[in-house]
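To start, the structure under review is shown below, and the notes come after it.
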Amino acid sequence: MNKTSIKLILSFVVFLASNLWLIAKGVTKGSAGFFISPVVEETIIFIFLQLFVIIVYFIRPLTVKKSQLIYWCVSEAMVVATVWFWGFLIVGPIWLK
């Protein structure tokens with residue numbers, strides 16, 4: 001497998017894990033831990049998801065422009081979909097409450 005496929009698989013695994021975490025929190029009625037609010041928890045998850053996409057890219061960076069474009073477009077689309085779905089669609093604009 002080429003590097004692009006491996007990087008996309010890693011991004012998808014983290015995308016899936018973060019969404020499963022948010023689903024599990026939603027099933028438990030959105031209850032966050034004792035010392036953290038749901039807004040802070042979701043924001044931290046969104047930041048970690050974006051940081052993981054950046055870190056995966058910079059470990060043995062892709063050299064072909066087409067591969068770089070594919071990786072960034074697909075990975076950022078997954079991050080944006082997660083933020084939009086959980087941060088705006090499901091609970092409304094979480095940062096404006």
Quiz item: Could you count how many residues in region 22-57 are touching an Asp or Glu at 6+ places or on another chain (Cβ under 9 Å), at pLDDT below 90 and closer than 20 Å to SER75 by Cα?
Solution: 1
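Could you say which residue among VAL27, VAL80 is loosely packed, with under 11 Cβ neighbours inside 10 Å and among the aliphatic types (A, V, I, L, M)?
On the way: VAL80 fails: loosely packed, with under 11 Cβ neighbours inside 10 Å.
Matching residue, one of VAL27, VAL80: VAL27.
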Quiz item: Is there any pair linking a residue in region 50-62 that is among the aromatic types (Phe, Trp, Tyr) to one that is modelled with pLDDT under 95, with Cβ under 6 Å and at least six apart or on different chains, and which?
Solution: PHE52/VAL14
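Mind listing whichever residues of region 1-19 are surrounded by fewer than 16 Cβ atoms within 10 Å (Cβ to Cβ) and modelled with pLDDT under 90? Reasoning before the result, please.
Applying the first criterion (surrounded by fewer than 16 Cβ atoms within 10 Å (Cβ to Cβ)) to region 1-19 yields 1-3, 5-6, 9, 12-13, 16-17.
Selection gives MET1, ASN2, LYS3.
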Quiz item: Counting just the residues of region 5-30 that are of a type in the set (Lys, Arg) and free of Cβ contacts under 8 Å to residues at least 24 places away in the same chain, which one comes out farthest from LEU49 (Cα to Cα)?
Solution: LYS29
Quiz item: Taking the stated definitions as given, is LEU69 at pLDDT 90 or above and under 24 Å from THR4 (Cβ atoms)?
Solution: yes
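The values are calculated or read from the model by the stated rules, or taken from the named source; none is laboratory data. Since the model is a prediction, treat every value here as computed from it, not as a measurement. When we count neighbours, we look across all protein chains shown, and the Cβ atoms used for this are built from the backbone with ideal geometry, even at glycine.
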